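Colleague: Pasting a structure here, questions to come.
Nothing in this text is a laboratory measurement; each read-out follows from the coordinates by a stated rule. Keep in mind it's a predicted model, so treat the numbers as computed, not measured. Cβ: placed from backbone, ideal geometry, glycine included. Neighbour counts: every protein chain shown.
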Amino acid sequence: FLNELNKRMRFKQHLGLDTSPTAIQHAQKYGDHYQLIDFNDFSHLSGNHLIFLMEVIEHIEDDLNFLTNLIDNMDTGSHLLVGVPALRVLYSKWDSVLGHFRRHTKQSLVDLLTNAGASVEYIKFGYSYVVPIAYLQRVVLKFDFHENNCEYPKVSPMLSKFLMICNQFEVFSSKFIN
């Protein structure tokens, strides 16, 4: 995702950060602009104009302190792209097994980023078409998640194509609805 985004936006420098060595190892297959986060040292941020935190801050208990330190160490004019699990009503055992401390609403994420010193330019939900399924699975049926069943299941090529069409429709329609 970071590579595709950079192709479109052409940042001078870009950096993907994560707290998981496994995630960084996987991401480095796409280039060397991914680094493991050291919570006490943000010196590696200098010169990077796009900082990418996809599904990271929900794993950090003191997310406000982390983001404040991160933003304080970003170069002027840099951008921070953040992806987090949305909708607090969907918080379930799935989240706790994966080490999530929280899910966000748009307002709670805006408040968090603003309190950390960021200026929020744009915010939107993604993958809204899976919310009914997630709600049914996590809230209504209270599916019993554990370490061995928290991965997303493999889907058939036909379902994969359908989900890609749903995603393209969501991206297209988000230009008109925020």
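Colleague: Can you give the local net charge around Ser174? Use residues other than it whose beta-carbon is closer than 15 angstrom to its beta-carbon, Lys and Arg +1, Asp and Glu -1. Walk me through the intermediate numbers first.
Modeller: On the way: positive: Lys106, Lys124, Lys175; negative: Glu121, Glu170.
Around Ser174, the charge tally is +1.
Colleague: Another question, if that's okay. Among Lys7/Lys175; Lys12/Lys154; Lys12/Lys161; Lys106/Lys142; Lys7/Lys161; Lys93/Lys175, which pairs are too far apart, with a Cα-Cα distance over 28 Å?
Modeller: Numbers: Lys7/Lys175 20 Å; Lys12/Lys154 36 Å; Lys12/Lys161 34 Å; Lys106/Lys142 25 Å; Lys7/Lys161 24 Å; Lys93/Lys175 34 Å.
Distance filter (> 28 Å) returns Lys12/Lys154; Lys12/Lys161; Lys93/Lys175.
Colleague: To continue, here is another question. Any idea what log10 I(q)/I(0) is at q = 0.11, 0.19 Å⁻¹ for segment 1-143, Debye with uniform C-alpha scatterers and no solvent?
Modeller: These q points yield log10 I(q)/I(0) values of -0.44, -1.25.
Colleague: Now, a different point. Based on Cα positions only, what radius of gyration and what Dmax would you give for segment 77-178, in angstroms?
Modeller: Using the Cα atoms of segment 77-178, the pair Rg, Dmax is 15.7, 46 Å.
Colleague: Averaging over every viewing direction, what projected area does the convex hull of the Cα atoms of segment 6-76 cover, in nm²? List each step's numbers first, then the result.
Modeller: Numbers: hull surface 19.8 nm².
Mean projected area of the Cα convex hull: 5.0 nm².
Colleague: Give me the net charge of Val110's neighbourhood, meaning all other residues with Cβ under 15 Å from the Cβ of Val110; Lys, Arg count +1, Asp, Glu -1.
Modeller: Neighbour charge sum, excluding Val110 itself: +2.
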